[in-house]
1. Please work out which residue of chain B brings its Cβ closest to the axis of the rotation superposing B onto A, and round that distance to whole Å.
2. Using Cα-only point scatterers and the Debye equation, what is log10 of I(q)/I(0) for the stretch A:8-97 at each q in 0.11, 0.21, 0.23 Å⁻¹, rounded to two decimals?
3. Taking a point 7 Å out from Cα toward Cβ as the label site, list the nm distances between residue A:447 and the same residue in every other copy, smallest first.
4. For the stretch B:1-107, run through the trypsin sites (Lys or Arg not before Pro) and keep only the ones in DSSP coil with at most 13 other Cβ atoms within 10 Å of their Cβ.
5. In whole Å, what is the distance between the alpha-carbon centres of the stretch B:145-193 and the stretch B:258-332?
6. Distances from residue A:329 to the same residue in each other copy, label points 7 Å out along Cα→Cβ, in nm, shortest first?
7. Over chain B, calculate the relative contact order: mean separation of alpha carbon pairs under 8 Å at least 6 apart, over the residue count, as a percent.
8. Using the Cα centre as the reference, give the magnitude of the dipole from point charges on the C-beta atoms of the stretch A:8-97 (Lys, Arg: +1; Asp, Glu: -1; all else neutral), rounded to the nearest 20 debye.
Protein chains: 2
Amino acid sequence: MEYNKINDKDIEFIKEVVGIDNVLAGEEISEDYSHDELGGISHMPDVLVKVHSQEEVSKIMKHAYENTIPIVARGSGTGLVGASVPIHGGIMIDLTEMNNILELDEENLTLTVEPGVLLMEIGKFVEEHDFFYPPDPGEKSATIGGNISTNAGGMRAVKYGVTRDYVRGLEVVLPTGEILELGGKVVKNSSGYGIKDLIIGSEGTLGIITKAILKLLPLPKKSISLLIPFSNFDKAIEMVPKIIKSKAIPTAIEFMTRDTILAAEEFLGKKFPDNSSDAYLLLTFDGNTQAQVEADYETVANLCLEEGALDVFIVDTDERKESVWSARGAFLEAIKASTTDIDECDVVVPRNKVAEFIKYTYELEKEFEVRIPSFGHAGDGNLHVYICKDNLSDEEWEKKTKEVFQCMYRKSEEMHGLVSGEHGIGYAKREFMFHQYGEEYVRIMKEIKKVFDPKNILNPGKVCQ
Amino acid sequence: MEYNKINDKDIEFIKEVVGIDNVLAGEEISEDYSHDELGGISHMPDVLVKVHSQEEVSKIMKHAYENTIPIVARGSGTGLVGASVPIHGGIMIDLTEMNNILELDEENLTLTVEPGVLLMEIGKFVEEHDFFYPPDPGEKSATIGGNISTNAGGMRAVKYGVTRDYVRGLEVVLPTGEILELGGKVVKNSSGYGIKDLIIGSEGTLGIITKAILKLLPLPKKSISLLIPFSNFDKAIEMVPKIIKSKAIPTAIEFMTRDTILAAEEFLGKKFPDNSSDAYLLLTFDGNTQAQVEADYETVANLCLEEGALDVFIVDTDERKESVWSARGAFLEAIKASTTDIDECDVVVPRNKVAEFIKYTYELEKEFEVRIPSFGHAGDGNLHVYICKDNLSDEEWEKKTKEVFQCMYRKSEEMHGLVSGEHGIGYAKREFMFHQYGEEYVRIMKEIKKVFDPKNILNPGKVCQ
């Protein structure tokens, strides 16, 4: 596809639509907009447009379509696979100022928001009203539009599921500029193909989300975490399927090793409640009564102690909660700070395969002589595995990451896992997905992309391209 | 599209694939296969094929594709919108004998099944193992393949969601005969477009489901229902948003009127616990302890009594449960038995609009002089509204149903409702969906259908066609 280069007339048009103060071009644009947090790819947009309404998005999209100019939507830029990088330049639509919470509907248990509202703002707002938005990705400064576009998961998926499960309705601007309303406040929907579910997780390649209707739950009244140390990694991680099998339903089951905890302590300059053991499980339980939550967690605490846990720390004071969860939230940043560069694998495997997968990464560490720390959502099989550059040359690192990735994705495929649990495919993980899915599956995705975007102007080169 | 007529060579080929005993042709086929429970449309297939494996489905599909023969999948035939009717004749694939439960995986909380397993068999099997498959459509003799194809909802959607929320993985035979594996046992998935979610609810038009991996929950240990009589319909139905707003989470909230109860009593020859009031809410609560369930239902019981409920009957004995739920399960059959013919509207509206919608059907009853009983899932906004033929002539009835449907779907649209909450679009509801969705939305669905089925052989004339 030959794209047209942005010219002065295009910029003139865009300025008319959104106002002169909301358009930056060329060197006025900060370098921040050329990359995300970890995509390994960067490219500057030619023009950056801050939008404030669906109408603006629609007019600009229509203009891009008619003039065959590439266009990319961006939220907070917290992605990890390069999905929002404008690799062909063109127009970048910045949605962070479309950040109004439009309506809390207590009779339908829905929250209607613009796409630029941050995850942390949603959490704060609904909790003040005694409601609960369960998806809980670690990166709280992500926008809800970005979360929907990657079908973000997070820590509470064990009990509550992922972003997809909490999107009742969407308003989307298509690459032609046309607007679709998908779903709504309704609880059930068997009215034609699941187009809403196709937009969710499509990483900004099929349309730009301009409004979302989210499903809320009543806020659970009690929540308690358990921090459970084990003498070694095997014992910790092999507990997970036993916990699931016990039919207790924790909200979250995270695992972490001492290395990661020490890195987080150093990064934050704060102490973790305990760092004397090699491996830990961190579990959360929530519910409406103290008695109910206690009954749930006692079952699991006793089970862990029977199976060789060294102790069970109950994390119930505000201070302890803050210490544990701030460390958990800082793992990625702490690992980044501990080395010169990192690359990440966000594989998801059936949850009884987590131990086997992590052990395999330990073998890879030895085989390739590279540091591969990991942590993750043991309760839902979604692992975050990092390859650290440390003292490697660029060349060595590129070679090693490639080889290690190939090994890891091959292993995941053997286990009937998938390439991405929650970070998406974007630019960085396409080849691994292509390899796993095979020709026909990829053909279907490519053709669907064409149905939405016949001129391939919207976020080209991503996901299935 | 010009289809080829089945010939002797085709039948020969099919017999080679599945064995001679599994093929019926022409007049050997029972008339039952020409229609579903309520589609208002019927057409005989030319050949009926009982399949027993994915390979058989794939071979027959490939043959149909190469020879441009229409092909339709059928489960138990319990649909209500004509989705499984072979309106162009051709091959009917009967999946009811692909009915093996393949695996219960207690470590991943999944159940792997063939598509012909009945909903009642799944319920029985998992409960024997102390697990729970939450979707609970009234029609328990439906196949799971049919349930996935319509994204069936049912009574427990208030708390637990619908079929879509419990499908972790699918194996699907495409119209070309190629096989796709979608999802798996994994809990999270951000690996490319949501093709699995596109298949769910596509009513057998994009592929034939040959295997499903279902998500299970631990079986709640306690369950109690409340039957709450009100002096009139308004009072009953206006309670529903108040209950939702109270932040109690019932498993189900059903509403019913005396007329429907009397019809069910007559149909079953069994007494309902109470029939002295005009309108009732039937609520269920479940949980793991008696104390927890009691705390939940007492909040709601007291709220209802404060707001004018006449009484609260606790349905906790096996006998009472059987009496209440067998009546609830028989409503559709009872209404059918009370008249000469019926047609149905399965609209879904935001749940605080249920009262307004039902009141509107009462107005339509008067305006059009036709009986319009209704019952439904008040807690999730999904209503089942029936137009009864009674003594009307065919002509009058056709005219009236058309007009009444137009009024009802227009009203639902005004309320931001949708055409179908759980029964699907199939053949019968296409025009109403087209009207609501508009050109671009329908174009996208049509084009997606082409991506999967370029020769339009699989269940043509349904959903978006």
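1. Per the B/A rotation axis, the closest residue of B reads B:197, 2.
2. -0.27, -0.98, -1.16
3. 1.3
4. B:5
5. 32 Å
6. 4.9
7. With pairs under 8 Å counted, the relative contact order is 16 percent.
8. My answer is approximately 300 debye.
Every read-out reported here was derived from the displayed coordinates using simple, explicitly stated rules and does not represent laboratory data. Note that this is a predicted model, so its numbers are computed, not measured. For neighbour counting, all protein chains shown are included, and Cβ atoms are generated from backbone atoms with ideal geometry for every residue, glycine included.
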